[in-house]
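Quick notes on the structure that follows.
Coordinate-derived values only; no laboratory data. A quick note: this is a predicted structure, and the numbers were derived from the prediction, not measured. Positions of Cβ are backbone-derived with ideal geometry, glycine not excepted, and every protein chain shown enters the neighbour counts.
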DNA sequence: ATCTGTTAATAAAACGTTTTAGCAAAATCT
DNA sequence: AGATTTTGCTAAAACGTTTTATTAACAGAT
């Protein structure tokens, strides 16, 4: 009944031609290789009738390529990454490429494993939101002339393709927005990871305050440990907000910190209003539907995905890799409440 | 410099042993095959030093298995699926399995493509949230004795492993909750897909109303077209709520419908309070942080993922496939406001 | 009639593994 | 001392493709 899957050999036998002939036809090289139309039609008919699909694994082994793009993100259940993944998948699918993805959970060990795994699967290209400590592996890929695009996170040591937003500017503008609204004590809630992306967000906050010649209160910057359970973060933030009652504005450096922060404020029964403003990083339904609506720094998902996939295909179709490009996109401040 | 990747042949040459010996050592069959410890150590040393990783593609071709599990969902950017994906990935990773995922967008064509693609990649097992119209393909997989687990959606014709929640009951209980609160006109906002899962949700709503001998108003059930842009849905719902001012409670049959619904209500300036209650399907941050908090039917993500992966590994390790199991889990009604 | 070139097809090697079957030397048994 | 078993290792086939030569037949040119 179910038996084995068909192979090119079965088709060849059935059509009374050689394996080679079938292969040429499968790969559209039939005319170029002078196969007669009679044979082409006969073979194509059999292929269609029997529903033969070539074994991609064998094909990969022979050709060294796989039509697969590896996507490595920090956490696929983070809406930012899930959104990017979905958009990239869409665009890749149209060019007949598939995506393998995996989450690193920000563990260099896991990230390295993943890169090696993808390598041994002969993935054709890599899209990576890199965890720190994976520089050598990524450099290795580049050395081997594999198409690579980094996104979201930038690793300073690497000369690789990169797509990201101008975090410094985004954060600067958010802070500036607060300053224009006469805020004096602008807190920053950020995360305890020393990756460029996060550092830039801190810097933007600081620089804006300094540029406008306001006093910079270092104690109003709180760095939440990355792996800390959510409940603990909430408690920590409640304590933070209580301790510094002078805070009149808060910038959250990530999506999930904003959510924890809003939860904390809700538990404290602290109103978000003209005396206490909030801006979140990365927009989401949560912020739009919140009462009051929460302003947010919106990363242009579609644009990011578009640029990533373009860079990838650019590399895939070039004979030799073009010089690495850095695409820095502008984030947009969505002002919702005052 | 970068050269080609190492092969088992290179290692064999360097160690002055045969390819076979290296292979046995790689696969932990060294002792069983009477390889001397001296040779084992020598070879392992070289493998480690040179950082040799066997080519998984070649391995797959030879063995017919890939250590890859295919995951097919409707949309990876839906938090429900992203959450499941992440949990499954975690658990699979621990057993040295990887995930390939893709989104079907509920198009049978794309779903079929994906199944075929995974097949030709020699994926070891399939986790599918099936689109309607893919019955034959899935039946085909089962015929070929491939491990398969369906989840979320159930296809009635198929005798396959399945993990899902009791949608009828969940919906029934949500409606019952409204009835206990003396609601008379309980609307249902659902989607225009005739999949079991959605039908059951409608049925639960209807049955509860009938069981409590309330009049069932068919016009209070609105079915939103699946592919309709969000903005249109919102307008449609505004119109719906205005048209039937008697509505005193609404059950949303999906996550994203609830979000559109809340947006509609916000635009209408309609308060959610004791005179107008709401329950959403699938919990999320949005509902917890909403003012007032929104009650929700929570699907037990962790439990679902756990059951899926267990069923998969059960099948992977059995010599012959065990009889299909259906695991129906209970959803939980999280009551938040009245 | 021989040479040249084109047309239509194929045989065989290669990709990097796993695995079957087998062989020589050493160890054990009779 | 010869027969048998165990130890330690390997040659070669196989997995299903793609691709490089190669061939055989025939047409056209000399």
Next on the checklist: Can you tell me, using C-alpha contacts under 8 Å and at least 6 residues apart, the relative contact order of segment B:1-128 as a whole percent?
Outcome noted: 25
Checklist entry - When only C-alpha pairs under 8 Å and at least 6 residues apart count, what is the relative contact order of segment B:103-259, in percent? => result 21
Item to check | chain A, relative contact order in percent, only Cα pairs under 8 angstrom and at least six apart counted | outcome: 15
Checklist entry - Looking only at B:41, B:196, B:213, which one moves most when chain B is put into a Gaussian network model with springs between Cα atoms under 10 Å? => result B:41
Item to check | Between segment B:273-292 and segment B:130-185, the Cα center-to-center distance that results, in Å | outcome: 24
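What whole-number value in cubic angstrom gives the convex hull volume per residue for the C-alpha atoms of segment B:8-54?
With only Cα atoms used, segment B:8-54 gives 60 Å³ per residue.
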Checklist entry - What residue among B:126, B:154, B:97 has the largest mean-square fluctuation in a Gaussian network model of chain B, using Cα springs under 10 Å? => result B:97
Item to check | chain A: most fluctuating residue of A:118, A:276, A:52 per GNM, C-alpha cutoff 10 Å | outcome: A:52
Checklist entry - Sorted from shortest, what are the nm distances separating the label point of residue A:332 from equivalent points in the other copies, each placed 7 Å from Cα along Cα to C-beta? => result 3.9
Checklist entry - Rounded to the nearest 5, what is the percent of antiparallel bridges among the DSSP beta bridges in chain B? => result 10
Checklist entry - Taking Cα centroids, how far is segment A:257-272 from segment A:30-98 in Å? => result 47
Checklist entry - What gaps in nm, shortest first, separate residue A:246 from its twins in the other copies when you place the label 7 Å past Cα toward the beta carbon? => result 6.1
Checklist entry - Ranking B:205, B:180 by Cβ neighbours within 10 Å, fewest first, what do you get? => result B:180, B:205
Item to check | Least to most buried among B:334, B:237 (fewest other Cβ within 10 Å first) | outcome: B:334, B:237
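Tell me, A:254, A:263 in order of fewest to most beta-carbon neighbours within 10 Å?
A:263, A:254
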Checklist entry - Does the protein assembly as shown come out rounded, prolate or oblate by the C-alpha gyration tensor, with a ≥ b ≥ c the root eigenvalues, rounded set by a/c under 1.5 and, if not, prolate when a/b is larger than b/c and oblate if not? => result oblate
Checklist outcome for this item: Sorting from shortest, the nanometre distances separating the label point of residue B:300 (7 Å past Cα along the line to Cβ) from those of the same residue in the other copies are 4.6
Checklist entry - Quick one: Cα centre-to-centre distance for segment B:101-123 and segment B:196-210, in angstrom? => result 30
